[in-house]
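Reading through the C-alpha cells given below for one structure.
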Amino acid sequence: MTTRWITTVAEMKAFAAETRLKAKSLALVPTMGALHEGHLSLVRRAKIQCNVTVVSIFVNPTQFGPTEDLTRYPHDPEKDLELLRPLGVDAVFAPSSREVYPAGFSTFVDPGPTATVFEGAARPGHFRGVATVVLKLINILRPDIAFFGQKDFQQMVIIRRLVEDLNLPVRITVCPIVREADGLAKSSRNIYLSAQDRKAALALSRGLKRAEEMAEAGEVDAQRILEEIHKTLAAEPRLQVDYAVIVNPATFEPVTSVSPGSVALVAARLGAIRVIDNLIFGPLGSSPELRLQLALTTQAPDKEGGAALRPETERLRLRIENCRDCAAVSSVTLPAREFLAKYLERDYPNLESVRVLVIGRCAPMNPAQFLYRCPEAPNQFANRVYDLLGVKTFAEFKARFALTDAARCHAAGPLVDERAVDHCTQYLREEFKLFPSLQYIVILGEDAYLQFQKHILGRGRASIRPFAELLKSEGWAQETVRLPWYGERDVRIFYCYHPAVETKKSPSIASHLG
Ligand code: AMP
C-alpha cells in the first residue's frame, strides 16, 4: 500500500471526496510532524476506527508567538513518512504555509475564555491559531473522526468546544498520553533538551505521579496535593514553573477538592523549551481511557445534580458512550446515556428481576417512539413486543423484561467499520452483566440476529444460517448457548421477526419463557 503525499488543498479535498463517494469513513490525525510514538498512538486508533486515515503535518505559524520557536521547530518529513507508511496511513497532508494562509487571509476563530488561561495565558494567541487551523483542516477534509492527544489537554478541550459550538459534523476521539520509559511525556520538542534539562523535565511526571499516589491513598485536598507537586518541581532549579493547577475540566476553574475526573495541569520552561504534562484523577487502578471519559464527562459544578447512578451503570455508561461516540458514529438513535442512565435507573430499581433481555431496534428510525419513553401510552412497536412476550402493560413488562438497543446501533450504518463493531461488542457483553439473573435473550429481527451471531457468539459467517431459512417453519427459532463471559451460564436464545421491521410476524413465545 502506498501513502499518498498531498500538498495542496485542492488535491486533499478531491481525495476526501473520493473517500466519501466510496462510503468509507475518514479519519484525520492533525500533527505538526517530527512524529513520535504519541502521534503514532493516534494513528493506530484512527486505523481501528475508520477505513481511511489521513495524517496532516503542518507547523502552523499562527499558533506560535513572535518570540517562540517556529523557525526552530523540528522538521523531518522523510522520517515522518517512514514512520507512517508501515502503519498503513492512506495519505499525508503536508501543505505549505502559503497554501493554508494564502495572501489576503484574515479570518480567525476566537475560542473564548478557556483559551485565555494556563497555556493560553502563557502563549497569547496560541489557541486562536490552533482553533483556526483545526477548523480549516476539518473543512478541507470533512473527516468522520478527528484524533487528538490528552497530552495537550487544554487544546483538546478547546477543540471539543469548537466542534460543539460551531456544529461541526465531526467526532473527536481523544487518546491517552504516551510516555518515555522514565515517565517523560513524549513530545517533538524533547529532542532539543540537553541531557541535564531532560533529567530536570522528569520532575513534571514525577510530581504528577506523587499527586496520583496521594489521591489513591485517599487525599482529596487539592491544596495539599498541589503543594507536593510544587515541592517536586522546586527540587529541580533548572525548571521555571509556569503553572501547576488542579482544575475541573469543564470550566478550567481550580478545585478545592479532588474527585474522579479532576485534572492536574503542569507547565514549565527549561531555557527556551516549554514542557507540559497532565494527570486525570480516577479510581484506583482505572485505565487511562476511563479517566479520559471521566474528565470529558465532568460537569460544571452548577450543572451537577439529579439522581446518583449505581456505580456499575455509570461506569458502563461512560465506557459505552465512548465506544459509541467513536465507532457507531452515524447510527445511534438512542444514546447510552438515555437507556442506561435514565430508563434503567428509573424502571429497574432491582436489576435482578430481569430474566429476559430483549435486543433489537427500538422503534426503527424514530427514537421518540422508544418503548421506555412513554410507558403509559404504548406505541405500535411496544404493543407488538408485548404480544410476542405475552404481557399486557409496561408494569408487567418491566417486572421480567428489559429492552436494549445495544446491538442495533452497530447493525446499521455503512460507515461503521467491522473492527469498530468488534471493539464495541465488549460493552454489550458488559451491559448483559448488569442483569445478574438472565435466563433468556430474545433477538428481534435480522440485523440483531446477525450481529448477535457474529459478534456476541463469535460465529463465522459460514456457520450463520440465513435468518429467513432459520425462521421459515415456526416463525421463530431457539437455541441454548453457554456464554463464557456471563459466568459460563447456559442462556436460551429466541430469534424472532422484528415486530416493526419485517413483514412476517412471529407467534407469541410467552409459553416458552418459563
Ligand atoms: P503536535 O504534533 O505536537 O501538534 O501533536 C499532534 C497531536 O498529537 C496532538 O493531538 C497531541 O496532543 C498529540 N500528542 C502529542 N504528544 C503526545 C503524546 N505524548 N501522547 C499522546 N498524544 C500526543
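The values are calculated or read from the model by the stated rules, or taken from the named source; none is laboratory data. It should be emphasised that the depicted structure is a prediction, and the values quoted were computed from it without experimental measurement. Don't worry about glycine lacking a Cβ; one is built from the backbone with ideal geometry, like all the others, and counts go over all protein chains shown. All accessible areas refer to the heavy atoms of the entire protein, side chains included, with ligands and DNA or RNA removed. Shrake-Rupley method; radii C 1.70, N 1.55, O 1.52, S 1.80 Å.
Odds and ends about this structure:
- Only residues that are touching a strand residue (DSSP E or B) at 6+ places or on another chain (Cβ under 9 Å) and either open to solvent by less than 40 Å² (accessible area, probe 1.4 Å) or at pLDDT 95 or above (or both) were counted across segment 61-74, and they come to 1.
- The set of residues in segment 1-22 that are surrounded by 12 or more Cβ atoms within 10 Å (Cβ to Cβ), hydroxyl-bearing (Ser, Thr, Tyr) and within 13 Å of Asp90 (Cβ to Cβ) comprises Thr3, Thr19.
- Some residue of segment 319-339 being assigned to a loop (DSSP other than H, G, I, E, B), at pLDDT 65 or above and buried (at least 16 other Cβ atoms within 10 Å of the Cβ): no
- Being open to solvent by 10 Å² or more (accessible area, probe 1.4 Å), at pLDDT below 75 and farther than 21 Å from Ile441 by Cβ is a description that applies to Gln369.
- Segment 140-156: number of residues that are in a strand (DSSP E or B) and near the ligand (Cβ under 6 Å from one of its atoms): 2
- Residue in segment 186-197 that is open to solvent by less than 20 Å² (accessible area, probe 1.4 Å), within 22 Å of Leu290 (Cα to Cα) and within 14 Å of the ligand (Cβ to nearest atom) present: no
- For Arg459, the conditions (1) under 24 Å from Lys398 (Cβ atoms); (2) of a type outside the set (A, V, I, L, M, F, W, C); (3) not in a helix (DSSP H, G or I) all hold with the exception of (1).
- Yes/no for Ile57 being open to solvent by 30 Å² or more (accessible area, probe 1.4 Å) and either within 13 Å of Phe93 (Cα to Cα) or within 19 Å of the chain's Cα centre (by Cα) (or both): no
- All of Arg465, Arg461, Arg492 fail the test of being loosely packed, with under 11 Cβ neighbours inside 10 Å and basic (Lys, Arg), apart from Arg461.
- Filtered residues of segment 46-63 (kept if under 17 Å from Leu137 (Cβ atoms) and touching a residue at least 40 places away in the same chain (Cβ under 8 Å)): Ala46, Cys50, Val54, Ser56, Phe58, Asn60, Pro61, Thr62, Gln63
- Within segment 495-513, the only residue that satisfies the criterion of being surrounded by fewer than 10 Cβ atoms within 10 Å (Cβ to Cβ) and either in a loop (DSSP other than H, G, I, E, B) or among the basic types (Lys, Arg) (or both) is Thr503.
- Qualifying residues in segment 105-127 (those that are among the hydroxyl-bearing types (Ser, Thr, Tyr) and part of a loop (DSSP other than H, G, I, E, B)) - the one surrounded by the most Cβ atoms within 10 Å (Cβ to Cβ): Thr107
- Odd one out for Ile177 among (1) at pLDDT 95 or above; (2) within 16 Å of the ligand (Cβ to nearest atom); (3) in a helix (DSSP H, G or I): (3)
- A Cβ distance below 6 Å, combined with a sequence gap of six or more or placement on separate chains, defines the contacts here; from segment 23-45, residues that are open to solvent by 30 Å² or more (accessible area, probe 1.4 Å) reach no residue that is aromatic (Phe, Trp, Tyr) and more than 10 Å from the ligand (Cβ to nearest atom).
- The condition (being outside any strand (DSSP E or B), farther than 30 Å from Glu314 by Cβ and either modelled with pLDDT of 90 or more or not small (Gly, Ala, Ser) (or both)) is satisfied by just one residue among Glu469, Glu479, Glu430: Glu469.
- Taking every residue in segment 155-172 that is farther than 23 Å from Ala121 by Cα and pairing it with any residue that is within 11 Å of the ligand (Cβ to nearest atom) and assigned to a helix (DSSP H, G or I), at least 6 positions away or on another chain, the pairs with Cβ-Cβ distances below 8 Å are Ile172/Met156; Ile172/Ile159.
- Condition met for Val130 (in contact with a helix residue (DSSP H, G or I) (Cβ under 8 Å, 6 or more places away or on another chain), under 22 Å from Val54 (Cα atoms), open to solvent by less than 60 Å² (accessible area, probe 1.4 Å) and at pLDDT 95 or above): yes
- Glu119 being within 16 Å of the ligand (Cβ to nearest atom), of a type in the set (Asp, Glu) and in contact (Cβ under 8 Å) with a residue 24 or more places away in the chain: yes
- The test for being without any contact (Cβ under 8 Å) to a residue 24 or more places away in the chain, closer than 22 Å to Thr8 by Cβ and open to solvent by 30 Å² or more (accessible area, probe 1.4 Å) holds for Glu78.
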